[in-house]
1. I want to verify a result. In a Gaussian network model of the chain, Cα cutoff 10 Å, which of these has the top mean-square fluctuation: D161, D331, D31?
2. Could you check which residue among V266, V65, V138 shows the biggest mean-square fluctuation in a GNM of the chain with a 10 Å Cα cutoff?
3. How far apart, in nm, are the 7 Å Cα→Cβ label points at K190 and D231?
4. Considering only protein heavy atoms, what per residue accessible area in square angstrom results for the stretch 131-196 with a 1.4 angstrom probe?
5. Working out 0.36 nm times the residue gap between E95 and N279, then minus their Cα-Cα distance, what length gain in nm do you get to one decimal?
6. May I ask what percent, to the nearest 5, of DSSP beta bridges between residues of the chain are antiparallel?
7. Give me the angle, in degrees from 0 to 90, between the Cα long axis of helix 229-244 and the longest principal axis of the Cα atoms of the chain, rounded to the nearest 10.
8. Expressed as an acute angle from 0 to 90° and rounded to the nearest 10, what is the orientation of the C-alpha long axis of helix 57-94 relative to the principal long axis of the chain?
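The values are calculated or read from the model by the stated rules, or taken from the named source; none is laboratory data. Fair warning: this is a prediction, and the values are worked out from it, not measured in the lab. Note: ideal-geometry Cβ built from the backbone for every residue, glycine included; neighbour counts use all protein chains shown. Protein only, heavy atoms only, side chains kept; ligands, DNA and RNA dropped before computing areas. Shrake-Rupley method; radii C 1.70, N 1.55, O 1.52, S 1.80 Å.
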Amino acid sequence: MDLKTQLKELQEATQAQLKQMNGNHAKELQDLRVQVLGKKGSLTELLKGLKDLSNEERPAVGKLVNEMRDILTASFEEQAKIVEAAVINAKLEAESLDVTLPGRPIAAGNRHVLTQTSEEIEDIFLGMGYQVVDGFEVEQDFYNFERMNLPKDHPARDMQDTFYITEEILLRTHTSPVQARTMDQHDFSKGPLKMISPGRVFRRDTDDATHSHQFHQIEGLVVGENISMADLKGTLELISQKMFGAERKIRLRPSYFPFTEPSVEVDVSCFKCGGDGCNVCKKTGWIEILGAGMVHPQVLEMSGVDSEKYSGFAFGLGQERIAMLRYGINDIRGFYLGDARFSEQFN
Ligand code: PHE
């Protein structure tokens, strides 16, 4: 058989084989390509025959070989496209999705009940013209204690078992240091200071159902001219009624904090029994919700505020305590576990 015929046959045979190939033959297609057009393939093999041809014949046959290579290359490419499309179609078919099906809902969490509580209280105070300020969780002894009228050897420091980082740096035991920091910044000639500051605080404690070594407070501070205890009472009554119901009354009991004078402990009439006595108020009709008082003149003076001209009140409430009372949560540890079954109840 002469070379031309052999070439023709190779072309026909190859093309016939190519036609058979479909989406299942991606690998066979590749193999055939190597077999025919590869370095050691059939075409190369046939080329070796060129040397047996006469000088007259050789150029024409050589040209033919090149044409053949082009034709076959094109055929392979064409079939490769067909095979590729078939592969993609098969995949699409297998994965076909019904766009008319309803979507699967993505499980979304909800805001933490403490965040909700804090934001609710923030909203009430923002409505009364207070600003909401941030403090530092890692605080200086100076602001946490000294500026709050608790010098280094003050016995009342024992009320707040403290995580010290160094002798001068600690995890704040209350949000009260924000009082000093904001007073330092405030220009009292421009009007009174009215702020609240929510945030996390830390005390060395053994965790149980009602104690946690970290918890959340909201500090409140108003300083200006003619701020009296009546303003404190009115403010606390309002917040109590907003949080626990319009019927609520408040009661102040004398207490002690080094940074307020006088100091009070504030009780709200029981929202469950209305004051008759039940398990929530431990049969007393009253529930303690926060500590407060008139800002100690010494605390004002340390911020450079003239205590003859200005006065103020401050309060500090525990966010967990408020939330536990309102929602009947009986274990404080529930707040920190990150268990969705806990959070979902407050959606
Ligand atoms: N800082 C006090 C505490 O954590 C609460 C408080 C704040 C009392 C402001 C009076 C005034 O116990």
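1. Looking only at D161, D331, D31, the largest GNM fluctuation is found for D31.
2. Of V266, V65, V138, the Gaussian network model singles out V65 as fluctuating most.
3. That separation, rounded to one decimal, is 1.8 nm.
4. Per-residue accessible area for the stretch 131-196 comes out at 50 Å².
5. 60.2 nm
6. Values: 42 of 44 bridges.
The antiparallel proportion sits near 95 percent.
7. Approximately 40 degrees, to the nearest ten.
8. Roughly 40 degrees, rounded to the nearest 10.
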